[in-house]
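Below is one structure; the comments refer to it alone.
The values are calculated or read from the model by the stated rules, or taken from the named source; none is laboratory data. Just so it is clear, the model here is predicted, and its values are computed rather than measured. Counting neighbours? That spans all protein chains shown, and the Cβs are built from the backbone with ideal geometry, glycine included. What goes into the accessible areas is simple: the full protein's heavy atoms, side chains included, and nothing from ligands, DNA or RNA. Shrake-Rupley method; radii C 1.70, N 1.55, O 1.52, S 1.80 Å.
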Amino acid sequence: MRNLVLLGGGYGNMRILLRLLPNNVPENVHITLVDRVPYHCLKTEYYALAAGTISDHHIRVPFPEHPRLTYVFGEVVKIDLESKNVILNDESIIHYDDLVIGLGCEDKYHNVPGAEEFTYSIQSIDKSRATYQKLNNLPPDSVVGVVGAGLSGVELASELVESRPDLHIKLFDRGQRILSMFPERLSSYVENWFHSHGVEIVRQSNITKVEENRLYNHDEPIHCDAIVWTAGIQPNKVVRELNVEKDGQGRVVLTKQHNIPGYENVYVVGDCASLPHAPSAQLAEAQAEQIVQVLEKRWKGEEPPSEFPPIKLKGILGSLGKKHGFGLVADRPITGRVPRLLKSGVLWMYKYHNGY
Ligand SMILES: Cc1cc2nc3c(=O)[nH]c(=O)nc-3n(C[C@H](O)[C@H](O)[C@H](O)COP(=O)(O)OP(=O)(O)OC[C@H]3O[C@@H](n4cnc5c(N)ncnc54)[C@H](O)[C@@H]3O)c2cc1C
């Protein structure tokens, strides 16, 4: 049997499973999926888990079952491309014939001293749970610093102010306006929403150091009872340690067929892959569709497509608490209740299509 090993049961590899199961796995192929957690986690909802507005169970989807699919639940620590082995933290070894690396990303701390040690995170399910505990156990009137006002920082701060209106939330951002990657009209809408909900936006900030219950903005100390870091991401450590070509963000440079150059049987999907868009679940899924086509061709001994049409994304939707939202759909900015409803609909559809 040929062993296809999928590292990480995130958005990218779930899409690969969705396309291969139940009837498109060749008779001579076995699939092994490795993840540290025994269910698929909806990372796009971690901000709500951390804020305490949804339950843990609400953002888990059971992995599919199939006679030729095996699960290994453990921590991947190393990939040996030469011997075609994946090594887990209990020293067990999984041999692969084909490998898809979909281990997602982690926080990037930009060498800010104390940031990793003294801030909370929403980049993994276990860290989001720890953040939930901290934020929801804070005494009344505590101060929460959210560092980084990109999509996840904005979603966290808005959800938190609805969950805990007694907290004083400070949202720190480097830019002159928050959500600088969106049109100005959207930034203004979101900033107004924050003003009307009592969230303080600290523009043009530069966090230079973090200590327990204190961050330094341009070296000025600011007391915070909890600090959440949403100011940058980088590929998973296992991928960072791979000795292959990376782009400026540390993502693996791939061929047009999404495999690592020189390793025709090793693909990288999602946040760890160098693609012409910012990382997103939507992108991971679109790329996974193409990887499935390549796998199917190569399994048949045929040539895969020499290139694919560029991946087109449908747009971006962000939430401002449970009732309002914002987004860019077909390059047009939308604000208010409609984008929030659309976002809930997208989540519902996702769970439905994944058999939940
Ligand atoms: C708060 C927030 C909101 C977001 N909102 C959106 C949105 O609205 N739309 C959108 O498109 N994207 C959104 N994103 C981005 C999106 O979540 C990611 O781009 C997407 O999850 C990437 O998919 P992936 O398949 O690369 O990895 P992931 O979905 O992150 O999956 C990685 C998997 O690998 C496992 N894993 C990691 N390391 C190991 C290890 N060492 N050993 C074993 N298993 C391991 C993890 O448990 C996980 O199951 C959001 C992200 C965040 C944090």
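Listing for the model above:
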{"item": "Peptides 149-157, 30-38 ordered by average Cβ neighbours within 10 Å, highest first", "result": "149-157, 30-38"}
{"item": "Solvent-accessible area per residue, Å², over the chain with all protein chains present [probe radius 1.4 Å]", "result": "47"}
{"item": "Cα centroid separation - the range 228-282 against the range 1-64, whole Å", "result": "18"}
{"item": "Label point at K312 placed 7 Å out along Cα→Cβ; residues across the range 256-280 whose backbone nitrogen lies under 13 Å", "result": "none"}
{"item": "Segments 163-170, 71-78, 100-107, 55-62 sorted - mean Cβ within 10 Å per residue, highest first", "result": "100-107, 163-170, 71-78, 55-62"}
{"item": "Using alpha carbons only: equivalent-ellipsoid semi-axes of the range 166-240, gyration tensor based, whole Å", "result": "22, 19, 12"}
{"item": "Charge dipole (the range 267-352, unit charges on Cβ, about Cα centre) - positive-most of V268, W348, G321", "result": "G321"}
{"item": "Degrees, to the nearest 10: 125-137 long Cα axis against longest axis of the chain", "result": "20"}
{"item": "For the range 235-279, size of Cβ-based charge dipole, Lys and Arg +1, Asp and Glu -1, in debye", "result": "80"}
{"item": "Surface share of carbon and sulfur [accessible, 1.4 angstrom probe, percent] for the range 293-353", "result": "60"}
{"item": "MRE, 222 nm, helices only [DSSP H, n ≥ 4, -39500 (n - 2.57), over the chain, to nearest 500]", "result": "-8500 deg cm²/dmol"}
{"item": "Theoretical gain in end-to-end length, L81 to Y352 [0.36 nm per residue, Cα-Cα removed]", "result": "93.9 nm"}
{"item": "Of K84/K297; K209/K312; K256/K300; K170/K322; K78/K170; K84/K127, pairs whose Cα-Cα distance is over 29 Å", "result": "K209/K312; K78/K170; K84/K127"}
{"item": "Two-decimal Rg to Rh for the range 1-123 - Kirkwood Rh, Cα set", "result": "1.02"}
{"item": "Long-range tail of P(r) for the chain (Cα pairs > 36 Å, %)", "result": "23"}
{"item": "Rounded to the nearest 20 debye, dipole of the chain from Cβ charges on Lys, Arg, Asp, Glu", "result": "1040"}
{"item": "Whole-percent carbon and sulfur share, accessible surface of the range 1-153, 1.4 Å", "result": "49"}
